[in-house]
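Everything on this sheet refers to the single structure shown next.
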Amino acid sequence: MKNKKVIVAIITISLLSLAASVLANPLIEVQIEEQVQAPQDPRAAASAIERVEVLGKITQVTYGDNKKISEIFVVADVADRGSYDQANVIIDGNTKIYKGYTDQELKASDLKEGTTVAVAFTDDPRIMIYPPSAKARTIRVMDMDAQEQAAEQAQELEKKQQANAIIYENSAYGFSFALPAGWEGYRIVAEQWEGLSLENRPSGPILNIRHPQWTAEKPRQDIPIMIFTMAQWEALQSEKFHIGAAPMGPKELGRNSKYVFALPARYNYAFPEGFEEVDAILESGALKAY
């Protein structure tokens, strides 16, 4: 009888121990799950969601016929086992792009050279020549916060530059031109453009905005503004006359109801000092017609 009581006691203790283990296991699983949800390493974070097959910086962006990004080339700083050290990533309408390992979707235009991305490919067949080329299922931009901060800083700098800008105003032809603060003391040098035609010889003014540091010994790049009447511009576009020997014509910068303002073809062919700055000024839309 005593032996039966001992056996029952042993069985009871064993069952209690087993129940305690079962109850403890979910707590262990929750702790493990919490560790997976908050990893510190970007690769571990993305890997918790999908298999990352290349993690690195975008070194090249390719645009398709629709002028949208169709491919990016990614080079890894260090390739882990099971991932590529570089790959050509194909982007299509099914590719999802996210900010880091969040569910915030981004646009393909957010993919820029120098950006760090984690890429998971689809199961579609791949071009397995080296480096491989494959369609992306997901692309995770891992340094979007840094990009946004850089964009904000660039906007602030642009605002400061605009606040300190020098405005050249030409009321005779109806336009203004914004110059950086370093152009204070600029000069206007007037010249003439002449067209080549079998019937007549059309002509018009060129206003060169000249940098204050320009000298005959060390010339700098001027900002040349050609001025056409509407009739002259239409004739030029209809190839009724030509200007110079360049295969392309002047590039329009702006217009009002009377005049078209344009940039001469190959105006900076000699690459004088300051030509990069002038290019940047012109690209900023500094000329405003009214």
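Bear in mind these aren't lab numbers, they're just calculated from the coordinates by the rules spelled out. Note that this is a predicted model, so its numbers are computed, not measured. All Cβ positions, glycine included, derive from the backbone under ideal geometry; neighbour counts span all protein chains shown.
Structure above, values below:
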item	result
Per-pair calculated FRET efficiency, R0 = 35 Å: Glu239 and Ile188 via Cβ, rounded to 0.05	0.70
Computed lengthening from Asn164 to Asp124, 0.36 nm per intervening residue step minus Cα-Cα distance	8.9 nm
Part-to-part distance (alpha-carbon centres) for segment 104-149 and segment 179-194, which is given in Å	46
Placed amide H near Met142: partners under 5 Å, 5+ positions off or other chain	Gly100, Thr116, Val117, Ala118
Charge tally in the Cβ shell below 15 Å around Lys251, where Lys, Arg are +1 and Asp, Glu are -1, Lys251 excluded	-1
Student exercise, segment 164-289 dipole from Lys, Arg, Asp, Glu Cβ charges, in Debye to nearest 20	240
Per-residue HN-Hα couplings for segment 63-77 [Karplus 6.51, -1.76, 1.60; θ = phi - 60°; Hz; x = Gly/Pro]	9, x, 5, 7, 6, 10, 5, 10, 8, 10, 10, 10, 10, 7, 5
Taking all pairs of distinct alpha-carbon atoms in segment 164-289, Kirkwood radius in angstrom	15.3
Most to least packed among 67-77, 50-60, 132-142 [average Cβ atoms within 10 Å]	132-142, 50-60, 67-77
Label-point separation, Asp85 to Glu50 (7 Å along Cα→Cβ), nm	2.6
Three-way shape call for segment 45-145 based on the alpha-carbon gyration tensor, with the a/c threshold at 1.5	rounded
Inter-site label distance for Lys107 and Thr229 at 7 Å from Cα along Cβ, in nm	4.3
Given charges at beta-carbon only (K, R positive; D, E negative), |dipole| of segment 45-145 in Debye	120
